[in-house]
Amino acid sequence: MRGFLSDLSCCHEKFRRVLHVKFIPNGGIVPKTEYAPNIRTECCKGSRMARDSQAALVALNRFGFGARGGASGDLVNAASDPRGFVKSELSRPSGVLLEVPGLQSTPALARAAFEYQEQVKLAREAAAKAGAPPSDSAPPQAAQPPAGDMQRRNLSLSTVATDIAGKSPEIKSPEMKAAETSGANAGMTAADAMQPNAAMAPNAAMQPNAAKPPQQPLNIIQKTFRAEALARLQRAVLADCGFAERLVAFWSNHFCISANKGELARMWAGSFEREAIRPHVLGRFADMLKAVEQHPAMLFFLDNQQSLGPDSRAGQNRKRGLNENLAREIMELHTLGVGGGYTQEDVTSLARIITGWTFAGRQGQLGAPGSFVFNANAHQPGPQALLGKTYEAGGIAQGEAALADIARHPSTAKFITTKFARHFVADDPPPALVARLQDTFTKTDGDLKALTLALVDSDEAWAAPLTKMRSPYEFLVAAGRLQARVPDDPGPYLNGLNVLGQPLWSPAGPNGFPDTNAAWAAPEGMKLRLDLSAQLASRIGNTIDPRDLLELAVADAASADTRRTIEHAESRQQAMALLLMSPEFQRR
């Protein structure tokens with residue numbers, strides 16, 4: 001926490017002047033001065049929990065997405081049996097699967113993508129013959145703005161001050177006007193995401209005066225991505241605890257692809273998670289590893305369809321050789337980890353072993369378009385030595401045997417369990433906990449449900465303080481849950497994730513999004529969270545009493561500083577923004 005505060009020291013004074021707040025040692029913010037409250041003063045004192053509200057907060061925040069608002073009673077239910085509350089989601093049949101009408105299989109999506117690409121090609125050719133600009137006849141290609149551009153679109157702090165203070169949004173500073181003319185309205189959408197029937201367009205008060213061209217209709221790539229995103233968001237907001245969805249998010253980030261790779265990657269981002277991750281979250285690690293590495297989305301993301309065995313028929317005919325991308329990331333990021341005992345020769349050997357692992361293209365010569373296939377003509381013939389063991393020639397079975405052994409390697413057990421504990425417990429997880437998890441992983445042959453239960457049953461997971469910063473995805477989902485509103489439009493959430501630096505299914509590299517406080521507690525990120533929290537609060541108005549929400553979601557686990565902060569806010573809007581920025585809401 002001290003590191004977090006030191007990171008904020010450079011902009012502490014600016015925050016203090018503009019927001020009239022100060023930072024406190026537990027990582028939240030409190031008003032600089034105490035204001036006469038104009039929110040309801042008769043707090044729900046009689047409803048404070050006689051049970052263990054601190055353990056309930058750990059159950060909901062550390063393992064889940066936080067308490068839901070309304071009449072959910074999540075905190076009360078968690079307090080009665082915190083560990084049982086968390087475990088309950090693990091015992092539901094098919095509870096991790098996401099089977100929603102309209103979501104299609106990867107091959108079906110491939111066919112739709114190939115047809116769309118053919119239509120675009122024909123339209124461009126027709127436009128070229130007619131002498132029209134090619135772009136006039138090509139459907140829009142970009143489903144989401146680049147994350148970097150979205151991060152630079154920052155609302156001014158004066159707007160935050162206006163929103164938190166509950167003043168008229170029509171009063172705009174020069175900084176705000178400049179932000180509008182430069183397209184800075186993107187940050188508003190995270191607040192819009194928490195409203196019913198949210199639209200993709202920014203709030204009218206934030207739109208520039210200049211007329212904009214009509215918005216282009218979404219193409220099939222964009223529609224598919226948004227449908228997949230909406231299904232995932234709705235599941236996370238509706239879940240009782242959200243532990244199963246947190247597990248999905250962890251493993252999806254561990255075995256990540258990037259939707260920014262191209263149209264097929266964007267089309268397949270959701271189906272990859274549904275088909276390769278979810279069925280195995282409570283299964284065996286080796287099965288998930290195989291499903292991931294043979295999924296067309298991963299093969300496309302890491303270019304394995306371009307990898308040819310040098311001595312294979314295709315390699316000799318095309319004068320092209322290995323692509324080691326997938327082999328390297330399997331060993332470095334998916335299993336053994338850096339320093340896991342492998343060499344560059346092992347990477348090259350694994351790349352040879354998995355040559356021929358590809359997916360059928362638009363012509364369907366090897367199989368149904370978009371399905372995993374083994375192309376024997378591209379496979380490097382002969383036995384291969386890997387990690388001290390020789391794998392005899394056997395086609396696809398050679399690679400599957402190699403993956404099975406890598407999944408059981410001691411370095412894999414250490415790497416996976418350390419990362420698992422780091423995600424849920426602390427940046428520097430207790431060594432005893434990691435050792436116990438590693439032992440469970442090894443003894444159960446990578447049984448991920450056994451690993452998960454070992455984590456929940458450990459005393460360290462419940463005794464460690466809530467110091468982990470919520471990722472942007474966790475923050476936005478938690479805010480939606482607190483309002484008890486099911487999202488019906490993914491656009492505002494997607495834009496909010498772009499603003500906060502975690503675009504959905506689109507990390508900058510194959511190592512996924514970071515999972516440490518240093519990444520998410522930086523001053524710029526905290527300022528953006530302030531922006532979004534203030535905008536969300538301004539849209540709620542006086543319809544919700546933040547003091548009631550505090551009792552509903554935190555109860556006796558709220559610190560005296562947080563309780564005092566909300567009680568002495570000058571308006572309900574300010575109190576709501578401060579609740580969203582409180583340590584009890586930001587930390588897990």
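The values are calculated or read from the model by the stated rules, or taken from the named source; none is laboratory data. Just so it is clear, the model here is predicted, and its values are computed rather than measured. Every residue, glycine as well, gets a Cβ built from its backbone with ideal geometry; the counts of neighbours run over all protein chains shown.
Residue under question is Ala534, and the condition is that it be crowded, with 21+ Cβ neighbours inside 10 Å, over 22 Å from Leu57 (Cβ atoms) and among the hydrophobic types (A, V, I, L, M, F, W, C); does it hold? If you could, list the steps in order and put the result at the bottom.
Working: crowded, with 21+ Cβ neighbours inside 10 Å: yes; over 22 Å from Leu57 (Cβ atoms): yes; among the hydrophobic types (A, V, I, L, M, F, W, C): yes.
In short, yes.
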task: Determine which member of the set Ala553, Ala569 is more than 28 Å from the chain's Cα centre (by Cα), in the same structural domain as Ala478 (by TED's automatic domain parsing) and surrounded by 24 or more Cβ atoms within 10 Å (Cβ to Cβ).
output: Ala569
Test: Val477 is farther than 30 Å from Asp303 by Cα, in contact with a helix residue (DSSP H, G or I) (Cβ under 6 Å, 6 or more places away or on another chain) and surrounded by 18 or more Cβ atoms within 10 Å (Cβ to Cβ): yes
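Is at least one residue of the range 520-535 more than 24 Å from the chain's Cα centre (by Cα) and closer than 22 Å to Val425 by Cβ?
No, that holds for no residue.
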- request: May I ask you to list the residues in the range 356-368 that are out of contact with any Phe, Trp or Tyr (no Cβ under 6 Å at 6 or more places or on another chain) and not β-branched (Val, Ile, Thr)?
  value: Trp357, Ala360, Gly361, Gln363, Gly364, Gln365, Leu366, Gly367, Ala368
- prompt: Just a yes or no: is a residue in the range 326-336 surrounded by 15 or more Cβ atoms within 10 Å (Cβ to Cβ), of a type outside the set (Ser, Thr, Tyr) and in contact with a Pro (Cβ under 8 Å, 6 or more places away or on another chain)?
  reply: yes
query: Pick from the range 506-518 the residues that are more than 14 Å from Glu474 (Cα to Cα) and modelled with pLDDT of 95 or more: which of them is surrounded by the most Cβ atoms within 10 Å (Cβ to Cβ)?
result: Ser506
task: For residues that are surrounded by fewer than 17 Cβ atoms within 10 Å (Cβ to Cβ) and in a helix (DSSP H, G or I), tally how many sit in the range 420-448.
output: 7
query: Could you say whether any residue in the range 443-453 is over 21 Å from Ala291 (Cβ atoms) and either more than 25 Å from the chain's Cα centre (by Cα) or of a type in the set (Phe, Trp, Tyr) (or both)?
result: yes
query: Is there a residue in the range 463-470 that is of a type outside the set (Gly, Ala, Ser), assigned to a helix (DSSP H, G or I) and buried (at least 19 other Cβ atoms within 10 Å of the Cβ)?
result: no
field: Residue list for the range 331-390, restricted to those being assigned to a strand (DSSP E or B) and of a type in the set (Ser, Thr, Tyr)
entry: Thr358, Thr390
- prompt: Of the residues that make up the range 183-199, is at least one out of contact with any helix residue (DSSP H, G or I) (no Cβ under 8 Å at 6 or more places or on another chain) and modelled with pLDDT of 95 or more?
  reply: no
message: Of all residues being on the phi > 0 side of the Ramachandran plot and not aliphatic (A, V, I, L, M) in the range 480-505, which is surrounded by the most Cβ atoms within 10 Å (Cβ to Cβ)? Just the residue, please.
response: Trp505
message: For the range 349-372, give me each residue that is in contact with a Leu (Cβ under 7 Å, 6 or more places away or on another chain) and closer than 22 Å to Lys319 by Cα.
response: Ser349, Leu350, Ala351, Arg352, Ile353, Ile354, Thr355, Trp357, Thr358, Phe359, Ala360
field: Residue list for the range 519-544, filter: touching a strand residue (DSSP E or B) at 6+ places or on another chain (Cβ under 9 Å) and outside any helix (DSSP H, G or I)
entry: Ala521
field: the range 538-548, subset farther than 25 Å from Val58 by Cα and under 28 Å from the mean Cα position of the chain (by Cα), residue modelled with the highest pLDDT
entry: Ser538
query: Taking helices (runs of 4 or more DSSP H) that do not extend beyond the range 36-122, which have at least 1 residues that are at pLDDT below 95 and out of contact with any helix residue (DSSP H, G or I) (no Cβ under 7 Å at 6 or more places or on another chain)?
result: 74-80
- prompt: Taking the range 242-270, which residues are in a helix (DSSP H, G or I) and more than 13 Å from the chain's Cα centre (by Cα)?
  reply: Phe243, Ala244, Asn260, Lys261, Glu263, Leu264, Ala265, Arg266, Met267, Trp268
- prompt: Residue check: is Leu494 in contact with a Leu (Cβ under 8 Å, 6 or more places away or on another chain), in a helix (DSSP H, G or I) and either under 29 Å from Ala557 (Cβ atoms) or outside the structural domain of Phe513 (by TED's automatic domain parsing) (or both)?
  reply: no
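In the set Glu551, Glu524, Glu584, Glu570, which member is of a type in the set (Asp, Glu) and modelled with pLDDT of 95 or more? I'd like the intermediate steps shown before the answer.
Numbers: Glu551 fails: modelled with pLDDT of 95 or more; Glu524 fails: modelled with pLDDT of 95 or more; Glu570 fails: modelled with pLDDT of 95 or more.
Selected residue: Glu584, the only one of Glu551, Glu524, Glu584, Glu570 that is of a type in the set (Asp, Glu) and modelled with pLDDT of 95 or more.
Helices (runs of 4 or more DSSP H) wholly in the range 271-320 with at least 1 residues that are within 22 Å of Asn260 (Cα to Cα) and among the acidic types (Asp, Glu) - which ones?
In the range 271-320, the matching helices (runs of 4 or more DSSP H) lie at 285-293.
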